[in-house]
Amino acid sequence: MSRVIGKTDTVKALGAMSGTSLDGVDAAVVETDGVRIMGFGPSGYRAYSDEERATLRSALGHWHGPEVDAAAELVTIAHAEALSEFDEIDLIGFHGQTLAHEPGGRGTLQVGDGDGLTQALGVPVVWDFRSDDVAMGGEGAPLAPFFHFACAKWIGAKEPLCFLNLGGVGNLTYVDPSFDGPEAPGALLAFDTGPANAPVDDLMQTRLGLPMDRDGAVARGGTVEMGALELFLAEPFFNKVPPKSLDRNDFAEMIGLVQELSDADAVATLTGMCAAGVMQGMEHCPKRPARVLVTGGGRRNPVLMEMLRAGLDCAVEPVEAVGLDGDMLEAQAFAYLAVRVAKGLPTSCPGTTGVRALVGGGMISAPARARSLP
């Protein structure tokens, strides 16, 4: 059973994220009124099997067809399994799985059945977060920045700082916590920095049959090929003024740039490309941030973190340094955003996605019966 959410209520929201790294479903609880974070609850993880990962990978870049249908069914079932482990939840934020992202073109596609999920779990589900933003001329990504602003307030930050998410694609959020709210002009700037783990994961899978370069072990033994790095940075994307976003496969040709290199040199070069994209992106920050807090799987790669520390003129730390959970930050973000959608609050703004006006994106699916607050 679910309850009707009032404008001033503190809500126990459960967020779920299945990212471009295709590793599995992250799920995490946040208690929030849609503005402030009141507390963090339990979290969980449901890994994709090799077979499931292959099903999702085969659907990447497709907008319709049997591959997309199979991926959508898989994503819905996997999320139902992951989210059924949580009790006493008021609202679910369901991101789904991004298969294709083409703002200004065909739009954006996150598969997964929010209606089916709410009926299976008996809890209202907010989903399809990105489409309204894209329809209003925005990039539809990144969407975590409003949550990053709340996190900056939660940790008591006083100076500008950046949150850097290194998943399949890298994205950066510049936060100025001196502003009262995330929608204020100048409070946020957000954009994708370039590919992150996805090209490394793809190369590791193709060449070595491994899902990732665990602990940067392969990259550690290689050397960055500077010619390939220079060709990578010559891509027009890096000269584009943010906000800007990427599809997971937008830089698929990166693999071709390292095709003739040894395994170690190829992985080192792709890792260096990720770091270089971040360094280029930092030049867009309005002020020098006091620190960069890194979330996502990339923070576990010591080679990548060393490259970032060498190339950035500020402290670079995993988000755990300030008491946040780098594995669950994106799932928590969609829990937080779901509450904002339910309360009619914006989830993106011109500074985060380039959308023309404040947008509160997302569809809300309700179970067959709901109860009001006593």
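The values are calculated or read from the model by the stated rules, or taken from the named source; none is laboratory data. None of these values were measured; they are calculated from a predicted model. No Cβ is skipped: glycine too gets one built from the backbone with ideal geometry, and neighbour counts run over all protein chains shown. The protein model used for the area step is the full one, side chains on, heavy atoms only, and it has no ligands, DNA or RNA in it. Shrake-Rupley method; radii C 1.70, N 1.55, O 1.52, S 1.80 Å.
For the reader, a short list of remarks on this structure follows.
- Long-range lysine pairs (8 or more apart or interchain), the chain, Cα under 26 Å: 10
- Surface composition of the chain: carbon plus sulfur atoms hold 51% of the accessible area, using a 1.4 angstrom probe and ignoring ligands, DNA and RNA.
- Pair Asn239, Ala217: separation of 7 Å Cα→Cβ label points (nm): 4.2 nm
- Computed P(r) (all Cα pairs; the chain; 20 Å bins; percent): 31, 60, 9, 0
- Among Pro289, Pro124, Pro145, residue whose mean-square fluctuation peaks in a GNM of the chain (springs only between Cα atoms under 10 Å): Pro289
- Computed from Cα positions, the angle between helix 329-342 and the longest principal axis of the chain comes to roughly 40 degrees.
- Per the Debye calculation on segment 1-78 with a single equal scatterer at every Cα and no solvent contribution, log₁₀ I(q)/I(0) for q = 0.22, 0.23 Å⁻¹ amounts to -0.94, -0.98.
- Rounded to whole numbers, the Karplus 3J(HN,Hα) couplings from phi for segment 76-87 are 5, 5, 4, 5, 4, 5, 5, 7, 5, 7, 9, 10 Hz, using 6.51 cos²θ - 1.76 cosθ + 1.60 with θ = phi - 60°, and x at Gly and Pro.
- When peptides 295-305, 312-322 are sorted by average Cβ neighbour count within 10 Å, with the highest value leading, the order is 295-305, 312-322.
- Under a Gaussian network description of the chain, with springs only between Cα atoms under 10 Å, the residue in Thr269, Thr206, Thr76 that fluctuates furthest is Thr206.
- Backbone amide hydrogens, once placed in the peptide plane, bring Gly122 within less than 5 Å of nothing, excluding anything fewer than 5 places away on its chain.
- For the chain, built as a Gaussian network whose Cα springs stay under 10 Å, the top-fluctuating residue of Met282, Met136, Met328: Met136
- Theoretical FRET efficiency, 1/(1+(r/R0)^6), r = Cβ-Cβ of Glu283 and Asp180, R0 35 Å, to 0.05: 0.80
- Between helix 50-59 and the chain there is an angle of about 90 degrees, using the helix long axis and the longest principal axis of the Cα atoms.
- Annotation: the antiparallel percentage among DSSP beta bridges lying fully within the chain is about 70.
- Probing with 1.4 Å while keeping every protein chain in the model, the per residue accessible area of the chain equals 40 Å².
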